[in-house]
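Read the structure below first, then the notes.
Every number here is computed from the coordinates shown, using simple stated rules; none is lab data. What you see is a predicted model; the values in this text were computed from it and never measured. Cβ placement follows ideal geometry from the backbone for every residue including glycine, while neighbour counts extend to all protein chains displayed.
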Amino acid sequence: MSDAANYRLSQLDTLEAESIFIFREVAAELERPVLLFSGGKDSIVMLRLAEKAFAPARIPFPVMHVDTGHNFPEVLEFRDKRVQELGVNLVVASVQEAIDRGLVHEQPDGSRNRLQTPVLLEALEENQFRAAFGGARRDEEKARAKERIYSFRDEFGQWEPKSQRPEVWNLFNGRVHPGENIRVFPLSNWTELDVWEYIARESLEVPSIYFAHRREVFDRDGMLYGVNEHCRPAPGQATFTESVRYRTVGDATLTAAVRSDADSVEKVIAETATSRLTERGATRGDDRFSEAAMEDRKREGYF
Amino acid sequence: MDILRIATAGSVDDGKSTLIGRMLLDTKTVFQDQLESVERASMQRGDDYVDLALLTDGLRAEREQGITIDVAYRYLATPRRKFIIADTPGHIQYTRNMVTGASTADLALILVDARKGLVEQSRRHAFLATMLQVPHLALCVNKMDLVDFSQEVYDRIVDEFEDFATRLNVRDLRVIPVSALHGDNMVSHSPRMPWYDGPTLLHHLENLYVASDRNFIDVRFPVQFVIRPKSLAHHDYRGYAGQIAGGVLKAGDEVMVLPSGLTSRIASVATADGPVEEAFAPMSVVVQLEDELDISRGDMICRVNNAPTVAQDLEALVCWMAEEPLEPGQKLAIKHTTRTARAVVKELRYRLDVNTLHRDESADRLGLNDIGRIKLRTTQPLLCDPYSRNRLTGAFILIDERTNRTVAAGMIAAAS
């Protein structure tokens with residue numbers, strides 16, 4: 001007989017089941033979805049969930065990387081290897097190429113974060129993708145906390161927080177008019193800690209920069225930036241070598257490292273559980289421009 | 001560790017944001033940078049103390065106007081449980097937002113201000129929570145510090161609420177006196193309310209027994225996606241993917257597929273990690289049958305002697321969520337489980353006044369945030385249960401095909 005006490009799902013199993021449901025729902029109802037893959041930990045988890053949702057069949061949509069050209073080399077290697085394993089198509093939307101053709105212009109500060117938006121929108125339109133899966137989580141940031149799982153965007157890719165579709169039960173409304181598309185966030189209800197616990201449980205490989213390593217860094221506004229071809233200290237500014245790791249992987253000019261000795265998944269989980277800073281607050285220069293930085297970028301059509 | 005989904009409701013003045021801010025702070029979920037930014041903002045405004053409400057008020061437009069625009073989701077975890085909190089604003093758009101937040105909730109957390117007692121909004125929130133069949137209700141009597149932690153005040157509110165609750169279908173109620181601002185009875189027992197011997201709020205949330213809330217009796221498996229790899233390794237493979245909405249599935253079970261009524265046996269139930277012995281809600285699985293039947297998305301797998309109603313005529317309670325009113329004769333798209341059809345509104349039986357529970361049978365339309373009972377006729381049969389029996393197979397949304405907007409959330413009362 002059914003004994004309710006035996007039928008309990010752990011938090012990771014519940015989140016996995018919900019994310020898989022979302023992948024299948026979009027694949028069933030929307031034409032030409034695409035999965036946005038950055039090589040970061042969230043998109044790695046997302047790709048794993050997509051794989052599970054359709055197994056033993058192949059993932060029925062391509063993967064797209066909006067490539068700022070400001071990459072950590074470890075991340076690109078990782079991306080190509082994973083795409084090959086899964087046998088999915090990779091679409092690369094290149095910011096460098098968009099600069100060369102004059103679609104966007106290099107910013108005075110050298111950051112290409114904001115330039116991703118027009119490049120992403122153009123690639124969605126060119127390929128007629130109706131839905132783009134993104135790895136954003138609601139625990140990341142205040143504006144994200146209010147975004148639906150299906151985030152409806154108008155023809156300019158803009159998010160309008162006041163007119164979101166109500167999302168009730170598991171009844172998602174994915175209807176779009178021609179020219180419109182939606183962003184879908186299957187990891188909406190996951191936290192940074194859930195993501196790391198899932199990486200551990202599934203033995204997922206993640207780029208080595210997520211783990212503690214010695215790196216030449218310099219201090220800018222209290223954040224530690226790694227010295228690389230895209231990111232250099234101001235003239236005369238001292239650099240030093242520290243044991244650091246990255247909590248997020250974004251544009252190499254904007255993403256800061258944190259001091260850490262966590263050189264394994266288990267240690268990263270322990271560190272995340274006791275961290276007193278949000279991952280964006282600790283590492284993302286781009287969210288520091290203003291209190292409402294993310295809200296503004298989302299309105300422009302950002303991820 | 002499992003997940004508890006909570007929907008909070010209350011108006012701006014009840015101290016709801018402060019209560020959530022306090023929970024985030026006391027469970028050490030608030031991060032240093034968030035706290036610093038809130039302290040900075042409080043200081044700039046010249047507040048006397050750190051306004052914990054700023055931890056949850058997210059968008060600039062909201063901070064400027066001091067209101068909450070939309071449902072915000074918060075996450076906190078203790079060693080025992082992970083909590084997902086759908087924080088819904090109490091003002092104008094209340095119905096739409098509360099339905100969104102509470103439709104999947106295990107527990108509704110309702111706040112009242114101890115000084116004011118039950119107000120219209122508290123009754124409305126309690127009604128909506130029970131209408132959505134949220135299994136557990138917790139009433140926090142907040143701002144106890146402002147009534148000198150008086151047991152008399154607390155008892156009066158409890159009596160008043162219990163009296164009101166008898167008119168609703170409340171399955172489990174817990175009332176807790178707190179001061180969110182000062183942390184009384186939030187995590188540890190308040191020495192200032194020795195007369196209260198119930199659990200603290202966090203203890204209650206951590207220990208609430210929810211496993212028996214789900215339906216493990218009626219097998220309901222809406223087919224979401226048919227998996228056909230068309231690869232050499234899986235040449236004849238055909239699997240039905242979906243999320244279980246009720247009951248327990250296992251290999252060997254005799255099943256029926258609706259609407260065709262054809263029967264077969266389950267050959268295997270699996271996840272991507274391999275076959276499972278038993279599967280239950282809310283697992284996402286792939287089911288293979290022994291016979292090759294013609295099954296597609298929108299079909300439902302159930303047991304031969306326990307099936308949902310195959311119906312085109314529905315009677316349902318709906319929350320209308322669009323600016324343009326609902327009127328009889330209107331044609332809309334309906335999404336129910338994984339099945340989509342068209343529907344026509346045959347009749348508006350009554351509009352419900354959520355404050356008095358009065359049924360206005362003379363109503364000829366439903367406006368934004370109105371609740372009413374309607375009759376629908378669908379173009380295709382739906383495979384439905386009463387909402388009171390299953391919150392997933394008893395629910396639907398209505399979509400305006402012109403604007404593509406979700407205009408109503410519906411709960412099936414009867415079907416034929």
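Where does the longest stretch of chain B lie that holds no chymotrypsin sites (Phe, Trp or Tyr not before Pro) found in a DSSP loop with 14 or fewer other Cβ atoms within 10 Å? Mind dumping the intermediate values first?
Details: sites that count: B:Tyr49, B:Trp195, B:Tyr209.
Between exposed loop sites, the widest span is B:210-416.
Please state the Cα pair-distance histogram of region B:221-303 with 5 angstrom bins from zero: what percent is in each bin?
The distribution over region B:221-303 is 3, 16, 28, 30, 16, 6, 1, given as percents.
Report the label-to-label distance for B:Glu36 and B:Leu357 in nanometres (one decimal), using points 7 Å from each Cα along the Cα→Cβ vector.
Inter-label distance under the simple model: 5.2 nm.
Check A:Val34: other-chain or 5+ apart residues with amide H under 5 Å from its amide H, H built from backbone geometry?
HN-HN under 5 Å from A:Val34: A:Ala131, A:Ala132, A:Phe133.
Per-residue mean of other chain beta-carbon atoms within 10 angstrom of the beta-carbon, peptide A:13-24?
For this peptide, the per-residue mean of nearby foreign Cβ atoms is 6.
Take the residue pairs A:Lys162/B:Lys82; B:Lys82/B:Lys250; A:Lys142/A:Lys162; B:Lys82/B:Lys143 and return only those whose Cα atoms are more than 18 Å apart.
The answer is A:Lys162/B:Lys82; B:Lys82/B:Lys250; B:Lys82/B:Lys143.
Choose one of B:Ser212, B:Val345, B:His189: the residue whose Cα lies farthest towards the positive end of the charge dipole of chain B (beta-carbon charges +1 Lys, Arg; -1 Asp, Glu; about the Cα centre).
Positive-most Cα among the choices belongs to B:Val345.
Over its Cα atoms, what ratio of radius of gyration to 2.2 N^0.38 Å does the protein assembly as shown give?
0.96
Which whole number gives the average, over all residues in B:226-236, of C-beta atoms from other chains lying within 10 Å of the residue C-beta?
2
Give me the one-decimal nm value for the distance between modelled label points at B:Arg342 and B:Lys28, 7 Å along each residue's Cα-to-Cβ direction.
5.9 nm
Hey, what does the equivalent ellipsoid look like for chain A, semi-axes from the Cα gyration tensor as sqrt of 5 times each eigenvalue, largest first, whole Å? Please list the in-between numbers first.
Details: eigenvalues 182, 125, 67 Å².
In descending order, the three semi-axes are 30, 25, 18 Å.
Ranked by Cβ crowding within 10 angstrom, fewest neighbours first, how are B:Cys319, A:Cys231 ordered?
Going from sparsest to densest Cβ surroundings: A:Cys231, B:Cys319.
Residue separation times 0.36 nm, minus the C-alpha to C-alpha distance between B:Val304 and B:Arg192: what's the value? Let's see the in-between values first.
Values: separation 112, 0.36 × 112 = 40.32 nm, distance 5.87 nm.
Contour length minus the Cα-Cα distance gives 34.5 nm.
In debye, nearest 20: dipole of the protein assembly as shown around its Cα centre with unit charges on the Cβ of K, R (+) and D, E (-)?
1040 debye
Which residue, chosen from B:Ser179, B:Gly101, B:Asn369, occupies the Cα position most advanced towards the positive end of the dipole of the protein assembly as shown, where the dipole is computed from +1 (Lys, Arg) and -1 (Asp, Glu) charges on Cβ about the Cα centre?
Going by the charge dipole, the pick is B:Asn369.
Placing unit charges on C-beta atoms (Lys and Arg positive, Asp and Glu negative, everything else neutral), compute the dipole magnitude of chain B about its Cα centre in debye, rounded to 20.
Charge dipole of chain B: 1020 debye, to the nearest 20.
If I model a spin label as a point 7 Å beyond the Cα along the Cα-Cβ vector, how far apart are those points for B:Thr379 and A:Ala238 in nm?
7.4 nm
About its Cα centre, what dipole magnitude does chain A give when the only charges are +1 on Lys and Arg Cβ and -1 on Asp and Glu Cβ, stated in debye to the nearest 20? Kindly include the intermediate steps, with their values, before the conclusion.
Numbers: 41 positive and 52 negative charges, 68 e Å.
About 320 debye.
Scan chain A and note any complete DSSP helix (H) whose C-alpha atoms cover at least 24 Å along its axis and whose Kyte-Doolittle average is -0.5 or more.
A:11-29
Specify the inter-centroid distance of region A:101-125 and region A:1-77, based on alpha-carbon positions, in whole Å.
For region A:101-125 versus region A:1-77, the Cα centre distance is 26 Å.
Taking B:Lys230 as the anchor, which lysines have their alpha carbon closer than 25 Å to its alpha carbon, excluding any fewer than eight residues away along the same chain?
Straight-distance partners of B:Lys230: A:Lys52, A:Lys81.
In terms of modelled amide H atoms, which long-range or inter-chain residues lie less than 5 Å from the amide H of B:Asp184?
When sequence neighbours closer than 5 places are left aside, the close amide H contacts are B:Ser179.
Can you grab the distance from the C-alpha centre of region A:167-218 to the C-alpha centre of region B:199-253, Å, no decimals?
Result: 23 Å between the Cα centres.
What average number of partner chain Cβ atoms lie no more than 10 Å from the Cβ of the residues making up A:173-181?
Numbers: counts 10, 2, 10, 1, 3, 0, 0, 1, 0.
Counting other chains' Cβ atoms within 10 Å and averaging over A:173-181 gives 3.
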